[in-house]
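Only one structure is covered here, and it is reproduced in the block below.
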Amino acid sequence: MLIDSEIVKKIQDHDRKVILVLYQHTFNVLMGAAVRYKNNREDQMSIVNTAFMKIVTGIHQYKVGTAYFSWAKQIVNNTIIDDFRAAKNYKQLFDVDAQVATFEESEYSAIDYDIEAEALQTMLNSLPPATKIVFNLYAIEGYSTKEISEQLEIGYETVKWHIKEARKRLRNQVIESQIAVK
Amino acid sequence: MKNSEDHIDKLFSDKLKNQSFDIPAKFISDLTNRLDAAMPTQRKRRGGIFFFLLNGLFLLIFLSLAFTNQSKIQRSRVGNELANSGVMEVTSSQQGQIESDSGITSDESLASVKNTLNLEEMSSAGKENNTMESTNPAFNEQQEKMEVSRGETTNRTARDQGQGSGMFDIKLLEDRVGSTSAISQERGNDKGIERNSDSNFPPDTIFIRDTVIIYDTLLIRDTLVVRDTIIQKDTIQAQVKDSNKWKAEFQFFAGVNYGAEGLMKTTTSSATYLLEERALLTPSFGFNVNAIRNKVSVGSGIEFFQTGEKFELNSSSFTQVDTLEIVGFDIDTVIFNQQTQTNDTIFIPIYDSVSYVDTVSSVANWTNTYAWVSIPLNFGYRFDFGNWALISRVGASFNLGVSNATGDYPSVSGTAVVVSSIAPVAFNMDYLLQLEIRRTLNKAELFISPTYRGNITPVIANSPSRKFQSFGLRFGVTMRL
């Protein structure tokens, strides 16, 4: 589906048929982001549909000919960040002292790539919320530490700590899963 | 160590970045609700409510007009009976009631005059006299039939035998036959007045004998008994008898109906299809024969009409295609360790692997039309307004299918939409509501009739059960037989 000016015009005219096709077209991008941040289906639905409504109502801001999915990703990521920041005292979640424990790195450093996405998603979900969102933004969405620091309004060092902490935890879980398989 | 970190990042990025998901139905439902709230442009199934209100409106008009006219009939009937009896007695009491002569009191219809005549009890300034104002439309209706000699209806005066002070007048406020209808009575002037010798009547009772025609409004002060003879009794009775005869009329009409399951466009959608249903404009024509007595009519006839609906089905099939595209560039800078100065800039393309959904859409339009020959049976009530008349009708029609046409209806099977042909029933029933507006010409009446028709029994018996409703407009001519 090519998002051209005619499609944009139909969406602006509230053509329900075109909007539903666009939803189908965009769903993987939106849902892919939502499942990495939210564990339950209701929250995922809220993120996906809120982001899509922003796409539909803000379709006039989309520049025809540019990468639509990148634009949609940007919107869904902003939606997720807004949702995270909407939580009361969300900054306390980033407090390094509040973390339960700092994981020690496993000596076994070889990582096997043959791990199912579902298993990785489960590991990601096991991270504390603050660590999870920072790692997601950094490792998967490609945000820089500075951008994360600005978006979440937390310190640069805090971001780095959460990235490091997430890596440690995830690496340990990956290695443990490999050991269990062997 | 650095390499291990990159591996962890890459592992999660590669595995989780481009996942595929099926769209749960709940997501679509939630999105539809959000779209409806944000963009209320497409109307939902409100046809049912609309038709319900339309039904109610028709019924309300019919009942209210019928109820209103019922009181007029009662007044007219009582007036006729009063005229036929030749005796009318009006007695004023403190409660402003009317009592009849002892010879008529037992008659139920006369008793009802108490409720139907408009009585107002008013106090005159500085006096205790009561004023009653009454209107008898029956007398007006018979105005042309009455012939009253001037000698018989000359001014009458009455002598009051009761109270010794105060003056009261009996006046005909609207004199349509000149001096013949004027009645005046003045206390203190005893000329030509006979005292009431009947001890059964109260002291303030006055008798006016001979012929009296009272048109329109009669203003009566104090207590009054009018006992007199209305001549032309036979004429009135003959006319009443004439209106009680059955008459017949023939109607031919043609028009259009607009409807389906609802008047409004309805939309059903999912991720894979969008189905729109619209109402259909169809013709109708036929004839009726009505039997009429007084204001009430019973009619039947034969009518041809069609019902149907339009469909537009937009279905989509989706194919997932993986692509790789450059979505931006990273700037990698080389900085001297001791001099914070950019020495070189390298643009590193950022590749984004995404799954495109290739959509193939198809559109199908079709119309389901069913033809019926109908035998209606309706009951009507007529309201006359000079050359115009309004007839409200309610009834039912018994419809026989006259074509073997089947209807095509879509159903969802998994993610696919299947269209299947379903045969309609051979017989069904409708209810009818009509409001006929007539204009009287020389020998005929032209009419226009908004009509509402709704299925009592469905056109498609099995799933998907279909009950049609339509709003129609008929034009026709009526001839007396």
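The values are calculated or read from the model by the stated rules, or taken from the named source; none is laboratory data. The structure presented is a predicted model; accordingly, all values stated were derived computationally and were not measured. When we count neighbours, we look across all protein chains shown, and the Cβ atoms used for this are built from the backbone with ideal geometry, even at glycine.
Is one or more of the residues making up the range B:301-315 at pLDDT 80 or above and closer than 18 Å to residue B:435 by Cα? I'd like the intermediate steps shown before the answer.
First, pick out the residues of the range B:301-315 that are at pLDDT 80 or above: B:301-314.
Filter again for closer than 18 Å to residue B:435 by Cα, leaving B:301, B:303.
Looking through the range B:301-315, at least one residue is at pLDDT 80 or above and closer than 18 Å to residue B:435 by Cα.
Any idea how many residues of the range A:114-173 are buried (at least 17 other Cβ atoms within 10 Å of the Cβ), within 23 Å of residue B:351 (Cβ to Cβ) and hydroxyl-bearing (Ser, Thr, Tyr)?
Number satisfying all stated conditions: 3.
Looking at the range A:18-54 only, could you name the residues that are in contact with a strand residue (DSSP E or B) (Cβ under 9 Å, 6 or more places away or on another chain) and of a type in the set (A, V, I, L, M, F, W, C)?
Across the range A:18-54, the qualifying residues are A:20, A:21, A:27, A:29.
Please report, ordered by residue number, the helices (runs of 4 or more DSSP H) entirely within the range A:103-182 with at least 2 residues that are at pLDDT 85 or above and at positive phi. Talk me through it step by step, then tell me what you get.
Numbers: elements: A:117-125, A:129-135, A:145-152, A:156-181.
Hits in the range A:103-182: none.
One line per residue, one yes/no per condition, for (1) under 30 Å from residue B:446 (Cα atoms); (2) modelled with pLDDT under 90:
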position	(1), (2)
B:386	yes, yes
B:391	yes, no
B:394	yes, no
B:398	yes, no
B:402	yes, yes
B:406	no, yes
B:410	no, yes
B:414	no, yes
B:420	no, yes
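In the range B:390-411, is there at least one residue being touching a helix residue (DSSP H, G or I) at 6+ places or on another chain (Cβ under 6 Å), within 14 Å of chain A (Cβ to nearest Cβ) and assigned to a strand (DSSP E or B)?
no
Scan the range B:299-318 and report the pairs whose first residue is away from chain A (no Cβ under 14 Å) and whose second residue is among the acidic types (Asp, Glu), with Cβ atoms within less than 8 Å and a gap of 6+ or a chain change.
Sorted first by the residue in the range B:299-318, then by its partner, the pairs are B:309/B:261; B:309/B:277; B:310/B:277; B:311/B:276; B:311/B:277; B:311/B:408.
Which of the residues spanning the range A:62-82 are out of contact with any helix residue (DSSP H, G or I) (no Cβ under 7 Å at 6 or more places or on another chain), away from chain B (no Cβ under 11 Å) and within 24 Å of residue B:39 (Cα to Cα)? Working first, answer last.
Applying the first criterion (out of contact with any helix residue (DSSP H, G or I) (no Cβ under 7 Å at 6 or more places or on another chain)) to the range A:62-82 yields A:63, A:65-68, A:70-71, A:74, A:78, A:82.
Keeping just the survivors that are away from chain B (no Cβ under 11 Å) gives A:63, A:65, A:78, A:82.
Across the range A:62-82, the qualifying residues are A:63, A:78, A:82.
Look through A:36, A:41, A:85, A:16 and report the one residue that is touching a residue at least 60 places away in the same chain (Cβ under 8 Å), of a type outside the set (S, T, N, Q) and within 11 Å of chain B (Cβ to nearest Cβ). Talk me through it step by step, then tell me what you get.
Values: A:41 fails: touching a residue at least 60 places away in the same chain (Cβ under 8 Å); A:85 fails: within 11 Å of chain B (Cβ to nearest Cβ); A:16 fails: touching a residue at least 60 places away in the same chain (Cβ under 8 Å).
Only one candidate passes the filter, namely A:36.
Cβ-Cβ distance below 8 Å, separation of 6 or more or different chains: which pairs start in the range B:267-283 with a residue that is part of a strand (DSSP E or B) and end on one that is hydrophobic (A, V, I, L, M, F, W, C) and modelled with pLDDT under 75?
Hits for this filter: B:273/B:412; B:273/B:417; B:275/B:417; B:279/B:263; B:279/B:264.
Going through the range B:378-411 one residue at a time, which ones are touching a Leu at 6+ places or on another chain (Cβ under 9 Å) and among the hydrophobic types (A, V, I, L, M, F, W, C)? Break it down stepwise before answering.
Kept after step one, since they are touching a Leu at 6+ places or on another chain (Cβ under 9 Å), are these residues of the range B:378-411: B:378, B:381-384, B:387, B:390-398, B:410.
B:383, B:390, B:391, B:394, B:396, B:398 - these are the residues of the range B:378-411 that are touching a Leu at 6+ places or on another chain (Cβ under 9 Å) and among the hydrophobic types (A, V, I, L, M, F, W, C).
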